[in-house]
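Reviewing the structure listed below.
Computed from the coordinates by the stated procedures, all read-outs in this text should not be read as laboratory data. All values derive from a computational prediction rather than experimental measurement. All Cβ positions, glycine included, derive from the backbone under ideal geometry; neighbour counts span all protein chains shown.
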């Protein structure tokens, strides 16, 4: 005879279901809602946010206002314009501090931000690496976070059997079942997995051999799985992380090394940025000095032209002399115009982190001033002109080769990155050797059981669990052994080749850096010698012109070609002197660049935190 579950059974179903559902909902609210609150997007399928974004995408690039409204560019064409201009005196240290204070993007002068924006370095570089959800330290640590798992299933069976044996003593079988699983699991640094599991099932059926018409069975499991060979141990798990594959290692130590490599790379990119700011500063310094030389030359040529023009008017000289003096005047005026405005040509800048930049020596105050403004983050135009207040160092510099070469090998960011890469490859070799062992896991489970027609309270399944009357234990060993270990041997050989490659690159990098350091030290000596030579040349040209002008004012005959040539010579010698002075300053900076102490020279310290 078929029988339906009693009211007591349905009450037990409702109570047990509510208890487990409430527990599951509570865990979801506690563990999940702090991180994610937008339930309407998941359950309610609310698409308002993405629809608004796609409307902007479909409509094309939305118009945006410029970051800053700038004043009209200044147009200065004569020395008088410069005399009436407003200046902002700026020291080199102030320029560097301003640049770093305004440098959310580490700017360069090659318009990389337009050509390849993905390659541009920003101040978020360290933060991006340290918060990468796949490769960061936090991502590696997340593999060891405790995991909560919940499962619930409700089932109703109503069937007929041709044999009473299969129907539990009846040819018609009716059944209501509930199954609930709640588990808390955790991985450990040794590769072990621990789990605490509650398994509860409810069964109400019309089988004639039942002890109770409906019954709750509750189990508490404590499970442990410990790898004894492959996948086990602190060394492997710290390097490769759990569930690693040959050649794919994402452990905590690998993530830490990758973060340190990024920090070293950020320091080198910041060094390049500071170097470019220094280059731009001395570019502008030379532009002002070159302008002074051109302005003085123009004034001298104007006086000479006016003198010969007056002689031509009085018919005391031929027109050829006046024309030659006039031609030189306009020649110097043309050079002065270029010295004021400048041309859009390549300036002194870092050469892809390989050198600190050789001084270009191209004049043009306004072009150099705009370039410096761009780098340090000043408004592109504000009605004033930046003017360097520092003077270059003219004192001779002598470097101790043993000291600076040791500094270069120790402090260069590129070498620090490569040394970290070598250590990462060595860690990968240690992890690869782990795959030459078979997989042997020890699995152990301990259970407590309870059975009764009620789940909780007196005479219940949970009360019976608490009595510890029904205990079970099982242990097992699982072995997986790839015959030949082909993939493991390939991983080890590959890791050794990687180490050999990275060490060879490191050795060649050290050789290249010492070569570059030797070159810039020699360039410092060359630039200093050139500075002394050009200073003597400038003094000689000045004395020659003074003699010719004194003879001319005294009424003595002066060769016009010689006078005009002397004016050209003193203008060129004056520019060359300041050019060699700026070259000497930039070369001295490049020594700091090559030996890795440029940031220290600029009083900068970069923390490894974002």
Exercise. Can you give the calculated 222 nm mean residue ellipticity of the chain, where each DSSP H run of n ≥ 4 adds -39,500 (n - 2.57) and the sum is split over every residue, rounded to the nearest 500 deg cm²/dmol?
Worked result: -18000 deg cm²/dmol
Exercise. Nearest 10 degrees, 0 to 90: what angle lies between the long axis of helix 365-376 and the longest principal axis of the chain (Cα atoms)?
Worked result: 20
Seminar exercise, completed: Per the C-alpha gyration tensor (a ≥ b ≥ c, the square roots of its eigenvalues), the range 142-208 is rounded if a/c is under 1.5, else prolate if a/b beats b/c, else oblate; here it's prolate
Problem set entry | Rounded if a/c under 1.5, otherwise prolate or oblate - the range 449-544, Cα gyration tensor axes | oblate
Seminar exercise, completed: The helix 48-58 Cα axis meets the longest alpha-carbon principal axis of the chain at an angle in degrees, between 0 and 90 and rounded to 10, of 40
Exercise. To the nearest µm²/s, what D does Stokes-Einstein give for the range 361-464 at 10 °C and 1.306 mPa s, using the Kirkwood radius over alpha carbon pairs as Rh?
Worked result: 67
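Let me check I have the definition right: for the chain, take the eigenvalues of the Cα gyration tensor, multiply each by 5, take square roots. What are those semi-axes in whole Å, largest first? Don't skip to the answer; put the middle values down first.
Values: eigenvalues 1450, 185, 56 Å².
Working through the eigenvalues yields semi-axes of 85, 30, 17 Å.
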Seminar exercise, completed: Taking the alpha-carbon centre of each part, the distance from the range 38-53 to the range 107-154 in Å is 24
Exercise. Dividing the Cα convex hull volume of the range 423-498 by residue count, how many Å³ per residue is that?
Worked result: 148
For this session: Run through all the Cα pairs of the range 519-573 and give the fraction in each 10 Å bin from 0, expressed as whole percent.
Result: 24, 36, 21, 13, 6, 1
Exercise. What ranking of 497, 194 emerges when the number of other C-beta atoms within 10 Å of each C-beta is taken as an exposure proxy, fewest first?
Worked result: 497, 194
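Would you please calculate the Kirkwood hydrodynamic radius of the range 530-610 over all C-alpha pairs and express it in Å, rounded to one decimal?
15.8
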Problem set entry | Translational diffusion coefficient (Stokes-Einstein; Kirkwood radius from C-alpha pairs) of the range 113-179 at 20 °C, 1.002 mPa s, in µm²/s | 118
Exercise. Cα convex hull of the range 205-350: mean projected area in nm², to one decimal?
Worked result: 22.9
Seminar exercise, completed: The distance between the Cα centres of the range 176-241 and the range 481-555, in whole Å, is 65
For this session: Mind pulling up the Rg/Rh value for the range 215-266? Radius of gyration and Kirkwood radius, both on Cα.
Result: 1.32
Problem set entry | Contact order relative to length of the chain, as percent, for alpha carbon pairs under 8 angstrom and 6 or more apart | 18
